[in-house]
1. Answer with yes or no whether residue 180 is within 21 Å of residue 129 (Cβ to Cβ), crowded, with 19+ Cβ neighbours inside 10 Å and among the hydrophobic types (A, V, I, L, M, F, W, C).
2. Go over the candidates 333, 318, 292 one by one and state the one that is in contact (Cβ under 8 Å) with a residue 24 or more places away in the chain and farther than 30 Å from residue 28 by Cα.
3. Could you check the range 158-168 and list, in sequence order, the residues that are crowded, with 24+ Cβ neighbours inside 10 Å and of a type in the set (A, V, I, L, M, F, W, C)?
4. Keeping to the range 104-120, report how many residues are out of contact with any Phe, Trp or Tyr (no Cβ under 7 Å at 6 or more places or on another chain), more than 20 Å from residue 43 (Cβ to Cβ), in contact (Cβ under 8 Å) with a residue 24 or more places away in the chain and not acidic (Asp, Glu).
5. Can you list residue pairs whose Cβ atoms sit under 8 Å apart, with the first residue in the range 255-273 being farther than 18 Å from residue 217 by Cα and the second being assigned to a helix (DSSP H, G or I) and aliphatic (A, V, I, L, M)? Count only pairs 6 or more apart in sequence or on different chains.
6. Looking at the range 217-225, is at least one residue in a loop (DSSP other than H, G, I, E, B) and either in contact (Cβ under 8 Å) with a residue 60 or more places away in the chain or under 17 Å from residue 251 (Cβ atoms) (or both)?
7. Is the range 87-95 home to any residue that is buried (at least 17 other Cβ atoms within 10 Å of the Cβ), out of contact with any strand residue (DSSP E or B) (no Cβ under 9 Å at 6 or more places or on another chain) and modelled with pLDDT under 95?
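The values are calculated or read from the model by the stated rules, or taken from the named source; none is laboratory data. Everything quoted here is computed from the prediction, not taken from an experiment. FYI the Cβ positions are ideal-geometry reconstructions off the backbone, even for glycines, and counts take in every protein chain you see. Heads up: the accessible areas ignore ligands, DNA and RNA and are worked out on the full protein's heavy atoms, side chains in. Shrake-Rupley method; radii C 1.70, N 1.55, O 1.52, S 1.80 Å.
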Amino acid sequence: MTVPNSASPRPGVLMLGTVHHAKPELEKLSEVASIEQVTSGTRQGFIRECDAGTYSHVVAISRTYDSVAITGRFDAELISHLPASVKFLSHNGAGYDQIDVNACTERGISVSNTPGAVDAATANTAIFLMLGALRRAWVPQLAVREGKWRGDSALGRDPDGLTLGILGMGGIGTATAKRAAAFGFRLQYHNRSRVAGLDELFAEQGAPRYVSFEELLRTSHVISVHLPLGPATRGLIGAKELDAMKDGVVIVNTARGPIIDEAALVSALESGKVRSVGLDVYEKEPEIHPGLLKHPGTMLLPHIGTATVDTQRRMEVLVIDNVKSAVTRGKLLTQVPEQRPPVAKV
């Protein structure tokens, strides 16, 4: 940890976690801000330093997803200890469930995330898991590594003509739908509201059909989850929702694990109600339900949806751009939706 330069006329920036790929941009940021980085420590230690005035010069904080190991969640308790000088919090990730946005808003702290930067990589991961789950690809993958050639591989399903239900039609959901259209899926989606502009975006394939949550569950052969995690979506898919789905449904989740009740999902897999799943996220990660680990119908990845050099760099650059805008212009570039002013109705 560096010693803060309280005499510097430049605004203070505290960076929690390591910048790996955007070092030139970080160097440029140092021309307009006094930067210090924290790459280790404990929540209790961080709170003590906040209370001691160590960061009283800090205007903006950036944080990586992994920095939760240093500070814990940015919950109401932690936010209450931040110095009054802090006005901006830039999070490296599209999902920001590690941050209590309401508590930040009450303290006058603006929050940003990295939408757009993660869309392609996460959508690619969703398609990878989707195709793998349709083929139950883990069975022959494991068999060939064990010298059993195809082993007990069962026949898979082709995507052509199957109905794909996109649950959450934001940037990632839309990018997934665009890719899925090329494989012949019939597309439908559910969102909090209809998404404008889809007719133009899907001009060649035909726009996904908007349906209710209940209809999406009932009529989709494959369901891909792209929702943010919050009070309204935690446990959204449980035993009741799984029971409402088609027999033999395939479920893909690259959003957040707690959106799906994992125990209920395992029961549905074991009964055959759910044929297979493709998961990059888990309810209590890094812990994974043992029923998922042993079931042949699971394609499992360890939350690596954005784990490419290209995407990690885009995310880091966007975080730094947000911080730079905050300290030079007094506003964030990609402020989270909860803090944006409502759009005036015509």
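1. Yes; evaluated as a whole, the condition is true for this residue.
2. 292
3. Answer for the range 158-168, where residues must be crowded, with 24+ Cβ neighbours inside 10 Å and of a type in the set (A, V, I, L, M, F, W, C): 164, 166, 167.
4. The total comes to 8.
5. Pairs that qualify, where the first residue is farther than 18 Å from residue 217 by Cα and the partner is assigned to a helix (DSSP H, G or I) and aliphatic (A, V, I, L, M): there are none.
6. Checked the range 217-225: at least one residue is in a loop (DSSP other than H, G, I, E, B) and either in contact (Cβ under 8 Å) with a residue 60 or more places away in the chain or under 17 Å from residue 251 (Cβ atoms) (or both).
7. Among the residues of the range 87-95, at least one is buried (at least 17 other Cβ atoms within 10 Å of the Cβ), out of contact with any strand residue (DSSP E or B) (no Cβ under 9 Å at 6 or more places or on another chain) and modelled with pLDDT under 95, which makes the answer yes.
To keep it simple, each residue is scored yes or no on (1) within 18 Å of residue 12 (Cα to Cα); (2) open to solvent by less than 40 Å² (accessible area, probe 1.4 Å); (3) without any contact (Cβ under 8 Å) to a residue 12 or more places away in the chain.
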residue	(1), (2), (3)
30	yes, yes, yes
73	no, no, no
99	no, yes, no
102	no, no, no
